[in-house]
Structures are given as structure tokens and as C-alpha cells.
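Novice: Mind having a look at this structure? Questions to follow.
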Amino acid sequence: MQALIDVILPVFVVIGFGYAAAWRGLFAESAVDGVMRYAQNFAVPCLLFRNLAGLDLAATYDLNLFAAFYVGAFVSFGLGYLGARRLFDRPVSDAIAIGFACLFSNSLLLGLPITERAYGPDALAGNYAIISIHAPLFYAFGITCMELARNHGQGLAARALARQVVRAIFLQPLVLGITAGFIVNLSGLPLPGALTGGIDMLAKSAIPAALFALGGVLLRYRPEGDSKTIAMICALSLVVHPLVTFGLGRYVLGLDIHQMRSAVVTASMAPGVNAYMFAHLYGVAKRVAATSVLVATALSMVTIWFWLQLIP
């Protein structure tokens with residue numbers, strides 16, 4: 001219970017402040033969009049850039065760490081897709097978007113602050129390693145699946161599909177921040193102190209600003225839609241994904257305690273806003289995706305506490 005109070009609640013209090021401010025009309029929709037755009041397009045890319053530029057890639061990049069997290073994610077996608085198709089008779093494009101919601105955990109806006117509050121800033125190396133390929137990998141996978149589905153099996157020229165996927169990925173500011181961080185890290189390029197000082201100031205504002213704006217964004221998502229489908233998404237993202245990651249990490253891949261913390265806590269996060277953005281991009285399953293983000297975020301206050309108890 002103390003973990004819930006000391007670690008989880010402060011993060012959701014900031015989200016709650018943003019939600020309440022938007023609800024009471026103190027935080028207009030245009031302001032919500034502006035703060036979220038600032039966080040996602042500027043502050044968070046700076047945060048990722050600074051941490052990846054200084055990350056010890058040789059020590060942090062571990063195939064077992066990636067396998068534990070990403071196998072769990074793709075298992076959740078597969079089960080979500082099959083559930084949407086077989087249990088709820090949704091069209092293929094809807095099922096892909098629903099699977100994507102099961103796949104795309106909120107590794108950044110929730111995973112980072114909760115891991116830091118639970119285990120300290122030195123525990124975040126594994127988180128940053130996971131995040132560094134999180135959005136590029138999942139967007140590439142989701143966009144490829146959706147484009148193939150939209151062509152109804154007629155096929156899309158490999159070169160055209162690859163160009164479309166790469167373009168969609170590298171239009172994401174987060175990916176640009178990650179890429180720039182890798183370039184500096186691998187090249188050893190020294191950065192002027194004035195530049196790093198300014199980037200650090202932006203980076204420090206990233207998580208508080210993003211959490212506050214996330215509260216305003218969640219106000220737009222009404223609890224409506226297919227309740228059984230939403231329940232399936234919540235179960236897969238909050239229980240199955242971290243459970244598979246925990247089982248693989250502890251009993252198969254032999255992750256150390258630091259890797260377990262990063263992998264399992266990140267896997268236990270609710271679907272991120274990107275799950276809705278992906279559904280909105282293709283105009284499918286938007287209501288289910290939006291409601292799942294809201295409901296799963298609320299439920300995660302309890303489920304995250306469970307996983308924190310399991311991995312002290």
C-alpha cells in the first residue's frame with residue numbers, strides 16, 4: 001500500500017490536476033493540445049536525446065531484455081487481434097487497431113516516472129533501452145499490417161510500402177530525438193555546454209508537462225463502446241503483457257533485478273495515447289481505442305501496485 005501512495009499516486013495526481021483543470025474549463029482544449037504538442041514534439045525528444053546520447057549501449061542493450069519485453073508485447077497483439085476477429089467479429093482493420101492498443105504500452109509518460117519514483121533515476125537505463133526502439137518498431141509493425149490489410153491481399157510494392165513505413169516513422173519527433181541521441185552516442189561528438197544546458201532545461205519539463213496535458217486529453221475519452229472488447233484490451237495490456245515478460249525474464253532469460261524492473265514495470269503500463277492516435281490515423285476502432293486508454297489508465301493504478309510488489 002505504501003508503494004501505491006508514495007510511487008504511483010503522485011504520478012496520477014499530476015494527471016488528475018490536468019483532468020480537473022480541463023473539466024472545470026481552466027485548461028482549454030487548445031491549451032491541452034498546445035502543452036501536449038510541446039511535450040511530445042520538443043521536451044520529450046530532448047529528454048530521449050540526452051539520455052540516449054549518454055547511455056552505455058554495450059552494457060544496456062541486451063537481447064534478453066528486449067526479448068522479455070517485446071515477446072510479451074507481440075503475444076498481447078496476437079491475442080488481441082484474434083479476440084477481436086474470432087470473439088467479437090470485428091473487421092481486419094479494426095482488429096489490427098485493437099491489437100495495437102494491446103501492444104503499445106505507455107512506456108514513456110507513465111513507465112519512466114513510475115520506475116524512477118519506485119527505484120530511483122539510476123534504474124532507468126533499461127527503460128531507455130526499451131523506449132529507444134519502442135515507437136519505431138511498433139509503428140513499423142502496425143503500419144505494415146494496416147497497409148497490407150487495406151490492400152485486401154492485392155499486395156503493395158515492397159519499395160513503396162517500405163518508403164511509406166519509413167516516412168511515417170521518421171515524421172515522429174520522438175524518433176528524431178532517439179536518432180539524434182544515437183548519432184551523438186556512436187560518434188562521440190562533443191556538444192557545446194550552452195546547447196546541452198538548454199536541452200537539459202527542456203528535458204526536465206518533459207514528464208510533468210506531458211502528464212498534466214495527458215489529464216486534459218483523457219477528459220475527451222468518454223467511457224463508451226464495446227465493453228467486452230475494452231475489457232479484453234485492459235486484461236491483455238495490464239496483465240498478460242507483464243505476466244509474459246515476468247515469466248520470460250525470471251524463468252527463461254535470466255534477467256537481473258534491474259532489467260526485470262525496467263521490463264516488467266514498462267510492460268505493465270496502460271495503452272498510451274499513441275494507441276488512439278494509430279486508430280485515428282486509419283479511422284478504425286477509434287471509440288474502442290480511446291475508451292481503452294482511459295479505462296486502462298485508471299485501472300493501472302491498482303495493477304501497477306501489484307507488479308511493484310512482485311519486483312521489490
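The values are calculated or read from the model by the stated rules, or taken from the named source; none is laboratory data. Since this is a predicted model, take the numbers as computed values, not measurements. Cβ coordinates were reconstructed from backbone atoms using ideal geometry, including for glycine residues, and neighbour counts include every protein chain displayed.
Novice: Please go through region 261-293 and pick out each residue that is closer than 14 Å to TYR221 by Cβ, assigned to a loop (DSSP other than H, G, I, E, B) and over 14 Å from the mean Cα position of the chain (by Cα).
Specialist: Once the filter is applied, which keeps residues that are closer than 14 Å to TYR221 by Cβ, assigned to a loop (DSSP other than H, G, I, E, B) and over 14 Å from the mean Cα position of the chain (by Cα), region 261-293 yields only ALA285.
Novice: Name the residue that is surrounded by the most Cβ atoms within 10 Å (Cβ to Cβ), counting only residues in region 108-123 that are in contact (Cβ under 8 Å) with a residue 12 or more places away in the chain and over 17 Å from SER205 (Cα atoms).
Specialist: Filtering first and then ranking leaves THR115.
Novice: Still on this structure, I have one more. Which residue out of GLY25, GLY83, GLY18, GLY34 is of a type outside the set (A, V, I, L, M, F, W, C) and in contact with a Ser or Thr (Cβ under 9 Å, 6 or more places away or on another chain)?
Specialist: Result of the check over GLY25, GLY83, GLY18, GLY34: GLY83.
Novice: Condition first: over 24 Å from LEU214 (Cα atoms) and in a helix (DSSP H, G or I). Can you find one or more residues in region 13-22 that meet it?
Specialist: no
Novice: Within region 209-229, work out how many residues are surrounded by 15 or more Cβ atoms within 10 Å (Cβ to Cβ) and either closer than 18 Å to VAL44 by Cβ or without any contact (Cβ under 8 Å) to a residue 24 or more places away in the chain (or both).
Specialist: Residues that pass the stated criteria total 10.
Novice: Right, another one. Please tell me if ILE169 is modelled with pLDDT of 85 or more, under 22 Å from the mean Cα position of the chain (by Cα) and either surrounded by 14 or more Cβ atoms within 10 Å (Cβ to Cβ) or part of a helix (DSSP H, G or I) (or both).
Specialist: Criteria not met by ILE169.
Novice: Given the conditions (1) in contact with a helix residue (DSSP H, G or I) (Cβ under 7 Å, 6 or more places away or on another chain); (2) outside any helix (DSSP H, G or I), which single one is not true for GLY216?
Specialist: Going through (1) in contact with a helix residue (DSSP H, G or I) (Cβ under 7 Å, 6 or more places away or on another chain); (2) outside any helix (DSSP H, G or I) one by one, GLY216 breaks only (2).
Novice: Of the residues in region 167-208, how many are free of Cβ contacts under 8 Å to residues at least 12 places away in the same chain and among the β-branched types (Val, Ile, Thr)?
Specialist: Residues flagged as free of Cβ contacts under 8 Å to residues at least 12 places away in the same chain and among the β-branched types (Val, Ile, Thr) within region 167-208 amount to 2.
Novice: Of all the residues that make up region 105-155, how many are part of a loop (DSSP other than H, G, I, E, B) and touching a helix residue (DSSP H, G or I) at 6+ places or on another chain (Cβ under 7 Å)?
Specialist: The number of residues fulfilling the criteria is 1.
Novice: When the residues of region 99-143 are filtered to those that are of a type in the set (Ser, Thr, Tyr) and more than 9 Å from the chain's Cα centre (by Cα), which remaining residue is nearest to ALA267 (Cα to Cα)?
Specialist: Filtering region 99-143 for residues that are of a type in the set (Ser, Thr, Tyr) and more than 9 Å from the chain's Cα centre (by Cα), the one nearest to ALA267 (Cα to Cα) comes out as THR115.
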